[in-house]
Every structure is written in C-alpha cells, then in structure tokens.
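For reference, the structure is listed below as structure tokens.
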Amino acid sequence: MPADWEARGREHYPHLFAPMELSGVSLRNRIAHASMTTKHGRGQKATAPLINYHRSRAQGGAALIVTEPLSMLPWHTIDYKVSVTREECFDSLCAWADAVEGAGARLLGQIQDSGRGRHERGRHPFALGPSALPDDLSWTVPHVMTTDEVREMIEQIVAGCVRLKEAGFSGTEISAGHGHLFHQFLSPWSNRREDEFGGSLENRIRLVKDMAAGIRSACGENFIIGLKLPGDDGVAESIGPTEAAEIANALADPAVVSYFAFAMGSHAPSLWMHIPDMHGPRAPYMPLIAELKAACKGIPVMGLGLITDPAEADGILAAGQSDFIGFGRPLVTDPGLPIKSALGREATIRYCVSCNTCWATIVEDHIPIECDNNPRVAKREELDWWPERVASPRRVVVVGSGVAGMEAAWVAGARGHEVTVLGAGAEVGGKTRLRAELPGGENLSSVYDYQMLAAKRGGVTVELGFKAGLDDVLALSPDAVVVATGSTMLWPHQLPAELRDEELIPDLRTLMTSLKDHQGKESGAAVIFDHDHTSGTYASAQLLKRIFDRVVIITPRERIAQDEPLVTRQVVYKLLMEQGIELMLLSEPVGASILETGDLVVRNVYSGAEQVIDDLAVFTYATPRVPDDQLVAPLRARGIETHVIGDAYAPRTVLSATKEGHDVGNRL
C-alpha cells in the first residue's frame, strides 16, 4: 500500500481519516473495528487464524480494534474464548497484541459475561445474575450473585486488565449492553437487588462504575477504557433513551472513561436490534446516538449500527453525530475497507450485505465466522487478495452467471485462465439478483457487482441471455467446465398434477420476477405455500402485501423462518405481524379444492381440521429445490473435467455458493 494512504484519505474523507486521541493514546483515523466474535480461539489461546483476522484489519487501515469477549473470570472456560489469566495462554495474547499494534492499530480486549442471557436452545444451567428473574428469551433464571461475589468479580476483572496491558494491549472495552451481565445490573427490569448494587440508579451503575475506576487506577492514564452501554434495549420497563442518557451522564467521568458506545436491543424479542438488516433505514441509530452524545460530557462517542459506506461514515462525523465510527460486519467482509476508501478504490470494496450470516455461523452453526461476500475470512492472504497467475493457462467455461459461477469465473480469470461465462439471465447475479430486488435485499447486489468488476479485470468473457446446452459448451473446446446452473423449486406433492401450469400456479421465484415492478393494487388473497423457510419467501410476502388485499402464508411446520438465524427470524416476525400478513401453521393446502371451487381449503396436518381461503387471487409455492445438473453427466461422459458448484451440486445458501466458487476458481 502507498505510504501516503492516510494523507490521501484525508483528501477524500477529511473527517473519517482525521487522527484523534483516546486517553492520551493516538489513533491514526476515526475507524474502529467493533467487537465481532470469530470463534477462532482454541484451548483458550489466540490461534494463527485469530491473529491473522485481526492483523489483516490492522494492516487494512483500522485505527482501533476491539476483540471478541475474553475469558477473565474463573467460570470463563469456553474453549474458543482467549484466556487473559491462564499463564499458558499469555504468550499467545502477547503475539496477538504484537501483530495488531505492530501494524499501526490499537488493540482493546473486551470484557463481557453473558449472565442469564442465552439465545441458544435451552436454558443456561450455570448462569449468574443480579436477581432471580428469567432471561427474556431463554427464561433462564440465574444464581443471584452475592454482594461479595460482585466485589470479587470486579477485582478479578481489574487484575485481568493489568494482564492485558502487560501483554501489549492498548486498553479494554467493558461490554455493558446486549442484555449481558453488566447490562442486567444497569436495568431496573432485571435488577431488583436491595444491596449497594441495586435499587437506585446510583446503585445500579455501581458495578460498571467501580469496574472502570478500578481499571483506571490499576492501568494508569494512557490506557483506553471504553464503555459500551445500552442506548435502547427495546424491553418495557428497562432501559430506553431517557434512562440510557441518565446512565451515560452518571458514568461520564473524563478521568476514567475514554469513550462511549451505545448498543441496541437485549436478550429479548429485541435481540435483532443490535445487528439491524436492510429492512429499515441505513445507520438507523445515529439520531439516537447523537442525542445520547449530548449526555456524555464531551467524552468521545462511537457511532454504530448498519454503517457500511465510507461516505456515509464521513457524513456522520461531519454532522457531529459521533466522534468515530465502529464498523463491525463491514470489516468482516473487507478488512481493506479503510485503505481502499483512502485511495479512492471504493469500487473494489467487498461490501457487507447485512445478511447476518456471520452471526448465524458463530451463534447457531457453532463454527468460526464466515461471510457471504468474503470467502477468505481469517486466511493469511486475506487483505486485498488477488491470486497468482498460473504457469499453464487453460480454457475454462463456466455455465451459469449466478454468484457461484461468477466467483469461480473471476478467480480463474485472475489466475490467467481463458474464461468464458455462459449465463441464461440478461444480467449476472442469478437468483441472488432477484432477492436483491425484493424488500430487505438491496445490499446483496454488492456480491455480484464486485464479481463482475473483478471478472472484467481478470479478462473474463461474459455471454448472457441464453440457456447454454451441451453443444454450446463443446463449441468452446474447454479444458475444464464449471457447472453452476442453479436449481428449481419442486412441484408440491400436495397439489394435483393437472394444476401444474406455470401461469396458473407459478413457483414463488417466477411470480416475483413478474410482479417485482408491479404498480397498483389488486383485490383478493395471495397465498404462499412455504416449504422453504428462508428470508426470500417472507420478502416476497411483503411485496405481495403491497399489491393484494390479503396475504396468507401456509406451512406444515410449527413456525416460520426456521432456516434463518434468530435475529433474522425476529425481524421476519415483526414485519409480517406489523403488515397484517396471516400465518397458518401446521397446515397444508388441499390442492383439489382449487380445481373444484376456485377457493383454497387448508387442512391441519395433525387434526385434519379444515379452513377455507376464499377470493383466491394468487397461489404460489416456495419449496425445496432440486439441482439443475443436466449438463454434468454428458460432459463427464466426454472425458471433460467438470466441476459442479452452488445449487447445481446441492441447493443451499449464498455463503455456500461464493465459498465453493472461490475454491474451485483457485483449484483450476
């Protein structure tokens, strides 16, 4: 990277690339990597992938990096959470700090304990908390910490921060939001104590206040101490904006606190608020954060929440809404976002699509963090990666111009192969493009936009607008073929074969393609038979609700959106309920009724009880898909090296598509 990238950044984004100080510690710009759990720790040590991950973000230009929550307390025994206190883990802690600080960024270790909070299935059997009250999601009732246990915890955390400083960290962030333990002490909803740590506001903030003061006393002046507090936790009788301002103001001691950050949501139906998606406005929390900033007595405030674009971030700073910006998911997607922005290379940024796949992988899949738009997360060669060219280029044909095929194509082209893409659509992107045109999917366009730009740079030929057959592929004399032809929804077995007419009963994708630009209102009911349970089905329901008087979703399962992570599922529930979209759970259509009466009979899968949906205007289905892999056998029969990826191999997700495309592009 050019040595003058920071100066050039100040020309493009004068506010974002202005240096600043926190507690006497200099920061080269106003870009922070907000805490993101990676699950790359092993044996409570910082592993090579964990260090690679943070080194890349430091080399990519971030000024401040907040780690995922660390193990600081005796009961912190989770394997992937790096221990601050175990002697055998200390060297890895030092290596971690050296990698980040050596690349010009400041590394802060995050302090957090989940307390009674749990968003996995079941209850937390060893939870601690301020009061014997249930978690709003899991209904876990914690062990009530005694006054002495609280004091001892504070002492242990202070000792842990001393170890962080000894390891080379520049500071710490106390995570007192998101419904975790420290948040539970702050909230009048979850804290009903009668000792010095409960009751009045002064008592409820005592845990966080004493912790911060103890860290400052033990670690000295030039040690960053950030406080991440609830801004609006979305729980009745808990912490809304007014209470949040009072808490921040009471904790705002410039001699102790280096900065504030404000988190939204809690371990409750409001969990979705802490990682908002594209169903609402961009940077949705900045007006509130700007109001809370006024209560912070001049202490710097981090801006957070669906901020994905450097120009957007610079504008927030210019307006004085915050003092620096916390990018979480956007820096997962592209660790080089800061430097690329500074150099005017915004078009080469792989932008965050705000899909929350990263959250799903770490929380629900229990695997290290992954990203729909970054197949190289935590690899050593991640930052601004471009592949090395091969010694012997080959002729490669990619059949399919969706995100799997385009990822394979650009990587293979960049490696020097002669690559031709044959796509059936008028534009690249495949089914992902359709999802991007539906409610909440806008940012998905950045996946195929980046791929197309990279394909042009790699010299890839893209031919669109026809469905390639075997002869079309063979005419190009390929040395290797990548089949990325996608998949097709199954005809529901509940419907009679004589109804199988695309114009009469189209699958949901076909219907959305015809209606996505529809203007005006139509009478009657639109019904979706949901065997899919992914977000595109519910985005389609929202589009249908704009057109039809009534929208009904039928599913044989006991709930909807089961293939989506909890935070996405919560948003789906919220939007469908607000828009009056009806749900019929544990139900299936009686397909013959459409033929007989024109109405739809719906039958409960257990009791057999029936309901009738009259005035049926549209019936459509979203069902499991089958691969469109008809080209594979003929190609292999002719001895041609054939790779099958994405839905053509097995119908799955955008994450699988980009990951497999990237891998095969590197193997060719």
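The values are calculated or read from the model by the stated rules, or taken from the named source; none is laboratory data. Since we're looking at a predicted model, the values are computed, not measured. With ideal geometry, Cβ positions are generated from the backbone for all residues, glycine too; neighbour counts draw on all protein chains shown. Ligands, DNA and RNA are excluded from the accessible area calculation, which covers all protein heavy atoms including side chains. Shrake-Rupley method; radii C 1.70, N 1.55, O 1.52, S 1.80 Å.
Leu576 meets each of the listed conditions (1) touching a residue at least 60 places away in the same chain (Cβ under 8 Å); (2) assigned to a helix (DSSP H, G or I); (3) open to solvent by less than 40 Å² (accessible area, probe 1.4 Å) apart from (1).
Taking Tyr649 as the residue in question, decide whether it is open to solvent by 50 Å² or more (accessible area, probe 1.4 Å), within 13 Å of Val483 (Cα to Cα) and hydroxyl-bearing (Ser, Thr, Tyr). Here the answer is yes, as Tyr649 does meet what is asked. Counting residues in segment 91-102 that are in contact (Cβ under 8 Å) with a residue 12 or more places away in the chain and either farther than 25 Å from Ala159 by Cα or of a type in the set (Val, Ile, Thr) (or both) gives one or more.
Restricted to segment 439-548, the set of helices (runs of 4 or more DSSP H) holding at least 3 residues that are in contact with a strand residue (DSSP E or B) (Cβ under 8 Å, 6 or more places away or on another chain) comprises 445-457, 508-515, 535-547.
Considering segment 280-294, the residues that are assigned to a loop (DSSP other than H, G, I, E, B) and either surrounded by fewer than 20 Cβ atoms within 10 Å (Cβ to Cβ) or without any contact (Cβ under 8 Å) to a residue 40 or more places away in the chain (or both) include one that is farthest from the chain's Cα centre (by Cα), namely Ala294.
Filtering segment 341-364 to residues that are open to solvent by less than 10 Å² (accessible area, probe 1.4 Å), closer than 23 Å to Arg28 by Cβ and either assigned to a helix (DSSP H, G or I) or modelled with pLDDT under 95 (or both) leaves Ser341, Ala342. The residues on offer are Asp91, Asp79, and the sole one that is over 21 Å from the mean Cα position of the chain (by Cα), open to solvent by 10 Å² or more (accessible area, probe 1.4 Å) and closer than 17 Å to Ile369 by Cα is Asp79. Ala412 - would you say it is in a helix (DSSP H, G or I), aliphatic (A, V, I, L, M) and more than 30 Å from Ala63 (Cβ to Cβ)? Answer is yes for this residue.
Would you check which residues across segment 365-398 are open to solvent by 70 Å² or more (accessible area, probe 1.4 Å) and part of a loop (DSSP other than H, G, I, E, B) and list them? Show your work before the answer.
Taking segment 365-398 and keeping what is open to solvent by 70 Å² or more (accessible area, probe 1.4 Å), we get 365-366, 379-381, 386, 388-389, 391-393, 395.
Once the filter is applied, which keeps residues that are open to solvent by 70 Å² or more (accessible area, probe 1.4 Å) and part of a loop (DSSP other than H, G, I, E, B), segment 365-398 yields Asp365, His366, Lys379, Arg380, Glu381, Trp386, Glu388, Arg389, Ala391, Ser392, Pro393.
Being open to solvent by 10 Å² or more (accessible area, probe 1.4 Å) and without any contact (Cβ under 8 Å) to a residue 60 or more places away in the chain is a property that Ala311 lacks.
Quick check on my filter: what residues within segment 151-162 are buried (at least 20 other Cβ atoms within 10 Å of the Cβ) and either touching a Phe, Trp or Tyr at 6+ places or on another chain (Cβ under 6 Å) or more than 13 Å from Leu181 (Cβ to Cβ) (or both)? Listed by number, the residues that qualify are Val158, Gly160, Cys161. Residue check: Gly429 meets all listed conditions (1) closer than 17 Å to Val664 by Cβ; (2) open to solvent by less than 10 Å² (accessible area, probe 1.4 Å) but one, namely (1).
Taken over segment 192-212, the criterion of being open to solvent by 30 Å² or more (accessible area, probe 1.4 Å), in contact with a Pro (Cβ under 9 Å, 6 or more places away or on another chain) and in a helix (DSSP H, G or I) is satisfied by Leu201 alone.
On inspection, Asp563 passes the criterion of being open to solvent by 60 Å² or more (accessible area, probe 1.4 Å), closer than 23 Å to Met489 by Cα and modelled with pLDDT under 95. Within segment 468-486, residues that are in contact (Cβ under 8 Å) with a residue 60 or more places away in the chain and of a type outside the set (Gly, Ala, Ser) reach partners that are open to solvent by 20 Å² or more (accessible area, probe 1.4 Å) and in a loop (DSSP other than H, G, I, E, B) with beta carbons closer than 6 Å, at six or more positions or on different chains, in the pairs Asp479/Arg394; Val481/Ile640; Val483/Leu631; Thr485/Asp628. Note on segment 138-165: residues that are under 18 Å from Leu186 (Cβ atoms), in contact with a Gly (Cβ under 8 Å, 6 or more places away or on another chain) and either without any contact (Cβ under 8 Å) to a residue 60 or more places away in the chain or in a loop (DSSP other than H, G, I, E, B) (or both) amount to 3. The residue pairs whose first member lies in segment 524-540 and is in contact (Cβ under 8 Å) with a residue 40 or more places away in the chain and under 13 Å from Ile581 (Cα atoms), whose second member is of a type in the set (D, E, K, R) and buried (at least 22 other Cβ atoms within 10 Å of the Cβ), and whose beta carbons are closer than 8 Å, counting only pairs six or more residues apart or on different chains, are Thr537/Asp530; Ala539/Arg435.
For segment 246-262, enumerate the residues that are among the small types (Gly, Ala, Ser) and within 21 Å of Ile325 (Cβ to Cβ). Matches in segment 246-262: Ala248, Ala252, Ser258, Ala261.
On the phi > 0 side of the Ramachandran plot, without any contact (Cβ under 8 Å) to a residue 40 or more places away in the chain and open to solvent by 40 Å² or more (accessible area, probe 1.4 Å) - does that describe any residue in segment 241-262? No, the conditions are met nowhere in segment 241-262. With respect to the conditions (1) open to solvent by 20 Å² or more (accessible area, probe 1.4 Å); (2) in contact (Cβ under 8 Å) with a residue 12 or more places away in the chain; (3) over 30 Å from Gly400 (Cα atoms); (4) out of contact with any helix residue (DSSP H, G or I) (no Cβ under 7 Å at 6 or more places or on another chain), Ile594 lacks only one, and its number is (4).
Annotation: of all residues in segment 607-658 being outside any loop (DSSP other than H, G, I, E, B) and small (Gly, Ala, Ser), the one that is farthest from Trp359 (Cα to Cα) is Ala637.
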